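S.K.: Here it is, the structure in full.
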Amino acid sequence: MMRIILLSLVLLICVACKTKQDTTIPNIIIINVDDMGWRDVGFMGSEYYETPNIDALSAQGIVFTNGYAASANCAPSRACLMTGLWTPRHGIYTVNSSERGQSKDRKLIPTPNTTILASTHAIIPKVLKKNGYKTCHAGKWHLSHNPLEYGFDVNIGGAHNGLPKSYYPPYKNVKIENGKSEYLTDLIMENTLKFVDTISSPFFLYYSPYAVHTPIMPVDSLLPKYKNKVPWNGQGNPKYATMVDNLDRNIGLLIKTLKDKNLFDKTFFVFTSDNGGLYGITKQKPLRAGKGSYFEGGIREPFFFVYNDKIKPNAKSEVPITNLDIFPTILEYAGIENAQLELDGNNLSSVLEGKTETLERPLFWHFPIYLQAYYRNDNENRDPLFRTRPGSVIRKGDWKLHYYFEDDGIELYNLAEDIGERNNLASANPSKKEELLTDLKNWWGATKAPIPTELNPEYQN
């Protein structure tokens, strides 16, 4: 009898231990690189940039080949990530004014832009902090003047600036605690590691380095390595390559610290970028265009998730996802229920854990604004004057439709057959065009998306 009682106690203890282990909430790290293109890393196929630490991390989880930012430039994309909401719900469509480019070239008066994220939004750090997480922001914020007012306990170099005036001291517009490091990317990580070294679980780290955004300021010690390297597929800028390489080295330092502290296996990782690579600095062939454009090169990103024991290593998925999905997925793994949030993204846990291989839903992008071109002879954008003219985009399955407000122009592409978006099928497939256009118009109504219609009196055809 005593033996049966002892055996029962052992079983109860084992069940209790397993339950505790299963319900342990993870540390959460979002790595959101600035302006890193879809193929700017080795795990996405680059043979020019060297990113061994990022590649090794990606191999421990699931890589999404159809991962997107919810906007083609930084501020709106970051607002979407933090809120889990489409752009019409927070009103941030671009950086600074929506009247970009010369007035004589703009047919419509664009929708006014919001430059500060409303403090009423329940964003990721606010929700996690409320649920017991210590929260840290490191690097570029760009949504307000002070991230500490938005749920972060620690701020390392974040403010409303979208780029550093210099990666070498004095950094001018980046206020950050001095340390042993000189190069800004190194200094941000040095201070980030101080946070990790002193914190106990659970913590949330939003690691959002200014790199690899302009100004392109090389890490001099790495230049010889890339000056003698053969360019690959449109990638061949040695100065930019040193910034990518150095960022990878810093991410390696973060991973090593987590492993040394036995935190790596207890951490849920998200890796992505805020928008496509800057065309002219880097290229994402066969994708078309780059940052600021709503062709694939401007919005498709390197994207993966890692979580030991939950997500199998060396996994890959073609399911289209967006950075809107990060927020609801974090809530799932953090065990936060009844958050009473109406988010536009989806909880990806079933896809991450291999329980489902599909996620049927359309993705939308809305940009009722203008964004001038940097390079007028690249033949990558719709016209040489603008990377973006006012319009919207929908992706549904393999199909993608662009709609432009100035002229009711429509472009329809089958991405499975034409990832470079070169063959417009709008005339050849009117039924698919009407299907996606109807879905898009219904989405405008559901989100109250502003549609610019007022003519610009200064426009010169």
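The values are calculated or read from the model by the stated rules, or taken from the named source; none is laboratory data. Fair warning: this is a prediction, and the values are worked out from it, not measured in the lab. So basically every Cβ, Gly included, is an ideal-geometry build from the backbone, and we count neighbours across all protein chains shown. These area figures cover heavy atoms from the full protein model, side chains too; ligands, DNA and RNA do not enter into them. Shrake-Rupley method; radii C 1.70, N 1.55, O 1.52, S 1.80 Å.
S.K.: If you place +1 on the Cβ of every Lys and Arg and -1 on the Cβ of every Asp and Glu, how big does the dipole about the Cα centre of the chain come out, in debye to the nearest 20?
M.R.: Computed charge dipole of the chain: roughly 720 debye.
S.K.: Compute the long axis of helix 430-447 from its Cα atoms, compare it with the longest principal axis of the Cα atoms of the chain, and write down the angle in degrees, 0 to 90, nearest 10.
M.R.: 70
S.K.: Leaving ligands, DNA and RNA out of it, report the carbon-plus-sulfur percent of the accessible area of the chain at a 1.4 Å probe.
M.R.: Ligands and nucleic acids excluded, carbon and sulfur give 50 percent.
S.K.: Working from Cα positions, state the angle (0 to 90°, nearest 10) between the long axis of helix 2-22 and the longest principal axis of the chain.
M.R.: Between helix and principal axis, roughly 20 degrees.
S.K.: How far is helix 238-260 tilted off the main Cα axis of the chain, in degrees rounded to 10, range 0 to 90?
M.R.: Computed tilt is about 20 degrees.
S.K.: I'd like the trypsin sites (Lys or Arg not before Pro) in the stretch 387-461 restricted to DSSP loop residues with at most 14 other Cβ atoms within 10 Å, sorted by number.
M.R.: Answer by residue number: ARG422, LYS448.
S.K.: Identify all aspartates and glutamates with a Cα-Cα distance to LYS129 below 16 Å; exclude those on the same chain that are fewer than 8 residues away in sequence.
M.R.: GLU149, ASP153, GLU332, GLU337
S.K.: Once Lys and Arg get +1 and Asp and Glu get -1 on their Cβ, which of GLY335, HIS366, ASN381 lies farthest toward the positive end of the dipole of the stretch 315-397?
M.R.: ASN381
S.K.: Restricting to DSSP loop positions (anything but H, G, I, E, B) with no more than 16 other Cβ atoms inside 10 Å of their own Cβ, which trypsin sites (Lys or Arg not before Pro) remain in the stretch 255-361?
M.R.: LYS261, LYS310, LYS355
S.K.: Can you give the accessible area per residue of the chain, in Å², using a 1.4 Å probe?
M.R.: Ligands and nucleic acids excluded, the figure is 42 Å² per residue.
S.K.: Contour minus end-to-end for ASN178 and ASN461, with contour as 0.36 nm per residue of separation and end-to-end as the Cα-Cα distance?
M.R.: Working it through step by step, the gained length comes to 96.6 nm.
S.K.: Could you list the residues of the stretch 394-424 with an amide nitrogen less than 16 Å from a label point located 7 Å from the Cα of SER431 in the Cα-to-C-beta direction?
M.R.: Label zone hits: 399.
S.K.: Need one number: nm distance between label points at THR115 and SER201, each 7 Å from Cα along Cα→Cβ, rounded to one decimal.
M.R.: 4.3
S.K.: Looking only at the chain, where both bridge partners belong to it, what percent of the DSSP beta bridges are antiparallel (to the nearest 5)?
M.R.: In the chain, DSSP labels about 50 percent of beta bridges as antiparallel.
S.K.: A follow-up question, please. Looking only at the stretch 317-342, which residues have a backbone nitrogen under 17 Å from a spot 7 Å from the Cα of ASN131 in the C-beta direction?
M.R.: Answer for the stretch 317-342: 324-342.
S.K.: Between ASP265 and VAL230, what FRET efficiency comes out of the Förster formula 1/(1 + (r/R0)^6) with R0 = 45 Å and r the beta carbon distance, rounded to 0.05?
M.R.: So the FRET efficiency works out to roughly 0.70.
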